[in-house]
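One structure below.
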Amino acid sequence: VQLQASGGGLVQAGGSLRLSCAASGRTFSSYAMGWFRQAPGKEREFVVFIRLSNGYTYYADSVKGRFTISRDNDKNTVYLQMNSLKAEDTAIYYCAATSNPYLSITTDEYQYWGQGTLVTVSS
């Protein structure tokens, strides 16, 4: 599986961005996907999980109610709609895929990673 993340950019606090993660492969729906982010000087942290087969989602508390993940299995693409952005959301955002059938929120549970897309929120 190859992943390509896009959609990052510079936005003012309170604004919105939509990230996309396009995946290669014909078994897209058999995987689960996650978004992680890494701010300068910090460890990579979990943002959101989605199971592609049934749409089950799980969000980190820090983004719950502001971020929404969705998927289009026909396009092999996952989207992350980010609203009400804050300065502390500034980070490189990575999409990742896992073949694990269960909820996965740590980096070592994911086998495939995209290259990352930078989100900068100015205050």
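Table for the structure above
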item	result
Between the range 71-102 and the range 1-70, the alpha-carbon center distance in angstrom	1
Relative contact order [Cα under 8 Å, 6+ residues apart], the chain, whole percent	36
Rg(Cα)/(2.2 N^0.38 Å) for the range 1-45, N = residue count	1.45
Size of the range 83-123 as Cα extents on the principal axes (Å, biggest first)	38, 20, 15
Loop sites in the range 1-101: chymotrypsin sites (Phe, Trp or Tyr not before Pro), DSSP, at most 14 other Cβ within 10 Å	TYR56
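All of the numbers you see were taken from the coordinates with simple rules; none came from a lab. Predicted model, so just to flag it, every value in this text is computed and none were measured. Note that each Cβ is placed from the backbone with ideal geometry, even for glycine, and that neighbours are counted across all protein chains shown.
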